[in-house]
Amino acid sequence: MYPAAMCRSIKTLRRADTAATTGELEAAARQFVRKISGYRTPSARNTDAFEAAIAEIAASSAQLLETFGVDIEEGPDRWTPGSGTSRHAHPHPHDPIAIVG
């Protein structure tokens, strides 16, 4: 049995108080397929299946969010690697950019 907390390597890819973007849905689907398959990039032989799974999961994710009343906009993935925050998020108080001397 796994603990209730989210695995360290699973990242939140959208903020709850903003619309999701198609890029965020694709990024989340890609992350899930990578986690499930165990491969960061598929072999040439498995590329079509890998990409089809990503598309299907992104579509299912969009349907889920729409049932929750979350708006989905065309757009890029706004998550910034390594920060754990979206690009449009307010700076974290411990972020060196946010510290005022």
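The values are calculated or read from the model by the stated rules, or taken from the named source; none is laboratory data. Keep in mind that this is a model prediction, so the values were computed, not measured. Quick reminder, even Gly has a Cβ in these numbers, built from the backbone with ideal geometry, and neighbours come from all protein chains shown.
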Filter segment 9-46 down to residues that are in a helix (DSSP H, G or I) and of a type in the set (Val, Ile, Thr) and give me whichever is nearest to the chain's Cα centre (by Cα). THR22
Can you tell me which residue within segment 47-89, out of those that are touching a helix residue (DSSP H, G or I) at 6+ places or on another chain (Cβ under 7 Å), modelled with pLDDT of 80 or more and in a loop (DSSP other than H, G, I, E, B), is surrounded by the most Cβ atoms within 10 Å (Cβ to Cβ)? ASP77
Looking at segment 21-46, which of its residues are among the basic types (Lys, Arg), out of contact with any Lys or Arg (no Cβ under 6 Å at 6 or more places or on another chain) and surrounded by fewer than 19 Cβ atoms within 10 Å (Cβ to Cβ)? LYS35, ARG45
